[in-house]
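Student: Please see the structure below; I have some questions.
The values are calculated or read from the model by the stated rules, or taken from the named source; none is laboratory data. Computed from a predicted model, the values in this text were never measured in an experiment. Cβ atoms come from the backbone with ideal geometry, glycine included; neighbour counts cover every protein chain shown. Accessible surface areas use protein heavy atoms only, side chains included; no ligands, DNA or RNA. Shrake-Rupley method; radii C 1.70, N 1.55, O 1.52, S 1.80 Å.
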Amino acid sequence: MTFIIAIDGPAAAGKGTLARRLATHLNLAYLDTGLIYRAVGMKAKREGLDPVKAAQMLTPDDLKAPDLRTEEGGQAASKVASIPDVRAQLLEFQRKFASHPPSPAKGAVLDGRDIGTVVCPEANVKIFVTASSEARAERRHKELLERGESSIYARVLEEMRERDERDSSRSVAPLVPAPDAVVLDTTKLDADAAFRAALDTISERTRG
Ligand code: DC
C-alpha cells in the first residue's frame with residue numbers, strides 16, 4: 001500500500017503550491033492532474049481533435065506545451081473535463097501514478113478536483129483547499145501581472161466564477177469535498193500557514 005495524499009479544491013486556492021511543498025517535504029511523488037486536463041483541452045483545440053481522441057493520444061510531450069498554465073488553458077481544461085469519456089480515459093493513468101509512484105517515492109500527492117472522491121477514494125489523507133472567490137481572483141490577478149501578462153481583476157473574478165460553476169455542476173466527478181476530507185480555508189492564510197495547517201492535519205490523520 002502506498003501512502004496517498006489527495007488535495008482537491010477550486011482554482012487558485014493554493015492547491016498546487018501546497019501539494020508540491022508537501023510532496024518535497026515528505027519525499028512523495030507529485031502529480032498535478034489539472035495539467036493533464038489542460039494538456040487535453042489545448043491539444044484538442046490546437047489540433048482540431050475530438051477531446052476524447054485528444055485524451056487517447058496524449059503524450060508526455062503534450063504536458064510540456066508552454067501555453068498550458070494560461071487562462072485559456074484553464075478554460076479549455078474545464079470544458080473537456082465535463083465530458084465523461086475524457087475523464088474515464090484519464091482515470092487509469094492517475095490511479096496508476098498513485099499506486100505505483102515513480103521510484104524511490106513510497107507514496108504520492110495528487111492535486112485536482114476529484115482525487116479524494118473518485119481517483120483515490122482510499123487516500124490516507126484528504127484535504128479540500130478553498131478560499132473566497134475574491135481572494136482567489138486577487139491571487140490569480142497578481143500572478144498574471146507578475147508574469148508580465150495583462151489582467152483585469154473583474155474579468156479574472158468573472159472567469160473564475162464561471163469555471164467554478166462548470167466544475168461544480170457537472171454530472172461526472174463534480175468539485176465537492178469528500179465526506180472524510182478536512183477543509184482548509186486559505187482566504188486569510190499565506191502559503192506558509194497553509195503548509196503548517198496541512199502538516200498538522202496529516203499528523204492527526206496518520207497518528208495511531
Ligand atoms: O487545477 P487546474 O486549475 O489546473 O485545473 C484546470 C481544470 O481542469 C479545472 O477547471 C477542472 C479540470 N480538472 C478536473 O476536472 N479534475 C481534476 N482532477 C483536475 C482538473
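Student: Residues of the range 167-193 being open to solvent by less than 40 Å² (accessible area, probe 1.4 Å) and either over 19 Å from ARG20 (Cα atoms) or within 16 Å of the ligand (Cβ to nearest atom) (or both), which ones?
Tutor: ASP167, ARG170, ALA173, PRO174, LEU175, ALA178, ALA181, LEU184, THR186
Student: Return the pairs, sorted by first residue and then second, in which the second residue is open to solvent by 70 Å² or more (accessible area, probe 1.4 Å) and in a helix (DSSP H, G or I), the first residue lies in the range 80-104 and is free of Cβ contacts under 8 Å to residues at least 40 places away in the same chain, the beta carbons are less than 9 Å apart, and the residues are 6+ apart or on different chains.
Tutor: GLN89/GLN56
Student: Restricting to the range 98-134, name every residue that is of a type in the set (Asp, Glu), outside any helix (DSSP H, G or I) and more than 13 Å from the ligand (Cβ to nearest atom).
Tutor: Once the filter is applied, which keeps residues that are of a type in the set (Asp, Glu), outside any helix (DSSP H, G or I) and more than 13 Å from the ligand (Cβ to nearest atom), the range 98-134 yields only GLU122.
Student: Assuming LYS53 fulfils every condition listed in (1) touching a residue at least 60 places away in the same chain (Cβ under 8 Å); (2) more than 26 Å from HIS141 (Cβ to Cβ) apart from one, which condition is it?
Tutor: If we test LYS53 against (1) touching a residue at least 60 places away in the same chain (Cβ under 8 Å); (2) more than 26 Å from HIS141 (Cβ to Cβ), just (1) comes out false.
Student: Regarding ARG38, is this residue touching a residue at least 24 places away in the same chain (Cβ under 8 Å), assigned to a helix (DSSP H, G or I), more than 13 Å from the ligand (Cβ to nearest atom) and open to solvent by 30 Å² or more (accessible area, probe 1.4 Å)?
Tutor: For ARG38, the condition - touching a residue at least 24 places away in the same chain (Cβ under 8 Å), assigned to a helix (DSSP H, G or I), more than 13 Å from the ligand (Cβ to nearest atom) and open to solvent by 30 Å² or more (accessible area, probe 1.4 Å) - is not met.
Student: Out of all the residues in the range 87-116, which are of a type outside the set (S, T, N, Q), open to solvent by 60 Å² or more (accessible area, probe 1.4 Å) and over 18 Å from ALA178 (Cβ atoms)?
Tutor: Across the range 87-116, the qualifying residues are ALA88, GLU92, PHE93, LYS96, HIS100, PRO102, PRO104, LYS106.
Student: Further question on the same structure: In the list ALA137, ALA77, which residue meets the criterion of being assigned to a helix (DSSP H, G or I), within 15 Å of the ligand (Cβ to nearest atom), closer than 30 Å to ASP50 by Cβ and among the hydrophobic types (A, V, I, L, M, F, W, C)?
Tutor: Of ALA137, ALA77, the one residue that is assigned to a helix (DSSP H, G or I), within 15 Å of the ligand (Cβ to nearest atom), closer than 30 Å to ASP50 by Cβ and among the hydrophobic types (A, V, I, L, M, F, W, C) is ALA77.
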